[in-house]
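Derivation of every value follows stated rules applied to the coordinates shown; laboratory data play no part. Since we're looking at a predicted model, the values are computed, not measured.
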Amino acid sequence: MKTKKQKREAAIKYMQNAKNYRIAAVAKRFNIPYNTVWTYDKKLKTPEKPEVKIHKAPVSMPLERALKLVSDGSSADYYVLPNDAKELQDLISHKDMNAQIGEIFRSCYRYGEVSHSDKLRDAKKIKFYAEAEIKRLERLNEGKD
């Protein structure tokens with residue numbers, strides 16, 4: 001039995017080599033979620049992101065913090081929407097959000113606007129996925145020590 005990673009890698013390789021494919025067919029063929037295939041499809045068809053501006057940091061500053069984008073307080077490059085973004089999923093893919101962050105983003109965007117999910121349900125969903133993301137990041141940080 002293949003792992004999720006192996007299935008994703010096989011699907012990506014297939015999409016890179018196939019001239020024409022349907023996202024739903026790829027998802028079914030490799031037994032992976034439709035939105036996963038859709039995300040990789042967008043990545044394969046989207047040119048590399050332009051170079052971002054970074055600031056020079058003091059030697060004592062951690063590299064991760066030094067590489068963060070800088071804003072002067074006005075509108076910053078990281079708030080500019082990509083030209084080809086037509087749907088929320090385009091933004092989620094563009095920002096390379098994982099599943100938890102994507103669900104939080106979706107819930108915030110539609111907050112209390114849909115009949116099947118009132119504000120309380122959306123708030124609980126946001127909290128659930130935020131806590132899941134915090135646990136994931138804490139596990140990652142534990143592995144670094």
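Of note:
- Relative contact order, percent, the stretch 90-132 [alpha-carbon distance under 8 Å, six or more residues apart]: 41 percent
- Filter on 13/95; 2/124; 7/43; 13/127; 7/119 - keep pairs with C-alpha separation over 27 Å: 2/124; 13/127; 7/119
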